[in-house]
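The values are calculated or read from the model by the stated rules, or taken from the named source; none is laboratory data. Nothing here was measured: the structure is a model prediction, and the numbers come from that model. No Cβ is skipped: glycine too gets one built from the backbone with ideal geometry, and neighbour counts run over all protein chains shown.
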Amino acid sequence: MINALQAVLVILFLVVTIILAWRLAPYLTKVFTRDPSRFDRLLNPIENGIYRISGVNPKHSMDWKKYFFSALLLNVFQMITAFLILTFQNKLPLNPQGFPGLSWDLAFHTVISFGTNTNLQHYNGETTLSIFSQMTAIQFLQFTSATTGLCVGIGMIRGFISGSKDLGNFHVDFIRFLTRILLPLCFIASIILVALGVPQTLNAYSIVKTIEGTSQTILVGPVASLVSIMQLGTNGGGYFGANAAHPFMNPSPVSNLFEMFLMMLLPTALIFVFGRLLGKRKEARPILIGAYGLFAIDLIIGFLPNLPIGAGIETRIGGFFSAFWTIITTAFTTGSVNASLSAMHPLNVLSGFMGMLIQATPGGKGVGLMYMIMYIIITVFIVGLMSGRTPEYLGFKITGRDMKLVMVTFLIHPIIILVPTVLAYSTGAANAIGVTGNSVGFTQILYEFTSSAANNGSDFLGASGNTFFFNISTGVVMFLGRYLPMFLLLALSGSMIGRRQSSEETGLKTNSIIFSFVLIASIIVLVVLTFFPFLALGPILSFFKGLENGFG
């Protein structure tokens, strides 16, 4: 249980983050509405040059199908490029340690992982990847996957704007977000991280003399630039296998706070962008209250146990900041870790599960907002059935087709989590890496596929998951968990275009405080009913049995 001072720190941190995200939202809105900006004189020539080289017509608009397939094809092409880099890294420059190319199944897993904004790692970066691979495959995909998620979220919002005729142009959104938001913010964040002690160099390693007189190899590289996009883009994949538990990625409590802030900034800002793009700022209220209300529940669950400093908990960070980080990294689907998950109390792990299963607390940038809109439509449908009124959202009548789309989207998640979890045991793949069928082992396998399906990336297995079964199965789950919901929710958004919109609200107003609490309750009921039996076999059973082995 946290003390009063820690509780005040949590509240202040969240308040400051929300305020800064609110202040950033107007600029983000201008970027996607193409409003004039003081940066146009510098960036317009660059962007226009990119349009000419790539053959993009910036004035061309896309329906939901073109928008989705433009995103999918671009991402697949980027993954193929990264796959070639990883498999042939031994023949490419900036490989002073002479690392061999990755096996095809590990390369497949890695590019799917980073290309889908999951960043689940079945390798230790500092002993597996060259500097060239880290910069041109890993960091490259971290930028492009983060950009894709936010752009698709913006595209979905456009379908709900009154009088909208299309979802915009994906390629224009993609380029503008990169040049005007992500690259500048990452540059600023990298400078701050360097100032806080995170290294940034093209030297792969340094050999130093220890005080005992022996030699030690210090592995370094372009770490600060990777950490900035890793956290700001809710990616999570680290330069080192230890991720943010490594002192070169997270040197101090100050850097720890800053990196947590980076994770939360863009997903929170996008909530305010939603209201601004609609021209109905009050409609952002239920999303903000719903997301942070659910996040508060995660905090309560995660902070219930006393988490002493023990095996797997970094003494530089401590139990409180380790638990706080774990709750944030799963709620915002980042996936970076600053302590071993096996050192966590079962309730800390349970709070992590909740963030990944809901995916809207508030989730990753773009996709988290899409899931929240899905939950809102399910909620207004339930309220409509209870009150005998036709369900509406933002003046749009919710049809049977709309409900089929959102329910299929919702059901995809448990299917792609639970089926491969069962297969991992039935095929012997779990036993092959030493994971048993007790509550701790079941939690590890269930967490692996939950993290994959939610495009989160935190996991228990680490490099031990580098087997053919887990590389391929989690790769498929990550791909489906990323693009199937995008496809279905963009189809939902596209169906709103041209639909008659009522000027009068009937039933429960979706911008009211009451609706926010109804929304929170409906999300909890939906997720608990779906996943409780499996959580009961994992972290909940571990809690009641008092198992400490593997949870600290």
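Observations on the structure shown:
- For first residues located in the stretch 153-181 and farther than 18 Å from K59 by Cβ, partners that are surrounded by fewer than 22 Cβ atoms within 10 Å (Cβ to Cβ) and of a type in the set (S, T, N, Q) and lie 6+ apart or on another chain with Cβ distances below 6 Å form the pairs S162/Q501.
- Given (1) buried (at least 24 other Cβ atoms within 10 Å of the Cβ); (2) over 18 Å from the mean Cα position of the chain (by Cα), number of the condition L405 does not satisfy: (1)
- L490 meets all of the listed conditions (1) of a type in the set (A, V, I, L, M, F, W, C); (2) crowded, with 16+ Cβ neighbours inside 10 Å; (3) modelled with pLDDT under 95; (4) part of a helix (DSSP H, G or I) but one, namely (3).
- Scanning the stretch 34-60 for residues that are within 22 Å of L270 (Cβ to Cβ), in contact (Cβ under 8 Å) with a residue 24 or more places away in the chain and out of contact with any helix residue (DSSP H, G or I) (no Cβ under 7 Å at 6 or more places or on another chain) gives a single hit, R34.
- Hey, I412 in a helix (DSSP H, G or I), touching a Ser or Thr at 6+ places or on another chain (Cβ under 8 Å), among the hydrophobic types (A, V, I, L, M, F, W, C) and closer than 26 Å to A453 by Cα or not: no
- Checked across the stretch 196-204, the condition of being touching a helix residue (DSSP H, G or I) at 6+ places or on another chain (Cβ under 7 Å), modelled with pLDDT of 95 or more, part of a helix (DSSP H, G or I) and not small (G, A, S) holds for no residue.
- Unmet criterion (only one of (1) small (G, A, S); (2) part of a helix (DSSP H, G or I); (3) closer than 18 Å to L106 by Cβ) for G457: (2)
- The residues in the stretch 317-347 that are modelled with pLDDT of 85 or more, of a type in the set (A, V, I, L, M) and part of a loop (DSSP other than H, G, I, E, B) can be counted, and the count is 2.
- Some residue of the stretch 243-258 being on the phi > 0 side of the Ramachandran plot and assigned to a loop (DSSP other than H, G, I, E, B): no
- Among residues of the stretch 3-26 that are farther than 16 Å from F295 by Cα, none has a Cβ under 9 angstrom from a residue that is among the charged types (D, E, K, R) and loosely packed, with under 13 Cβ neighbours inside 10 Å at a sequence gap of 6+ or on a separate chain.
- Matching residues, the stretch 249-258, being buried (at least 21 other Cβ atoms within 10 Å of the Cβ) and farther than 19 Å from T17 by Cα: M249, N250
- The stretch 11-38, residues that are surrounded by 11 or more Cβ atoms within 10 Å (Cβ to Cβ) and either over 30 Å from L257 (Cα atoms) or among the hydroxyl-bearing types (S, T, Y) (or both): T17, Y27, T29, T33, R34, D35, S37
- Extreme residue, farthest from the chain's Cα centre (by Cα), among residues of the stretch 98-116 that are in a loop (DSSP other than H, G, I, E, B) and not hydrophobic (A, V, I, L, M, F, W, C): G98
- The listed residue being modelled with pLDDT under 95, surrounded by fewer than 24 Cβ atoms within 10 Å (Cβ to Cβ) and on the phi > 0 side of the Ramachandran plot, out of G384, G388: G388
- The numbered conditions (1) modelled with pLDDT of 90 or more; (2) closer than 24 Å to V435 by Cβ are all true for T361 except (2).
- Counting residues in the stretch 378-398 that are in contact (Cβ under 8 Å) with a residue 40 or more places away in the chain, within 26 Å of G159 (Cβ to Cβ) and within 21 Å of the chain's Cα centre (by Cα) gives zero.
- Options F332, F272; residue that is among the aromatic types (F, W, Y) and farther than 26 Å from F531 by Cα: F272
- Residue within the stretch 447-457 that is at pLDDT below 95, of a type outside the set (V, I, T) and farther than 20 Å from M372 by Cα present: yes
- Residues in the stretch 117-144 that are of a type in the set (A, V, I, L, M, F, W, C) and not in a loop (DSSP other than H, G, I, E, B): I131, F132, M135, A137, I138, F140, L141, F143.
- Meets criteria (of a type in the set (D, E, K, R), surrounded by fewer than 21 Cβ atoms within 10 Å (Cβ to Cβ) and either within 18 Å of the chain's Cα centre (by Cα) or within 28 Å of N44 (Cα to Cα) (or both)) for K209: no
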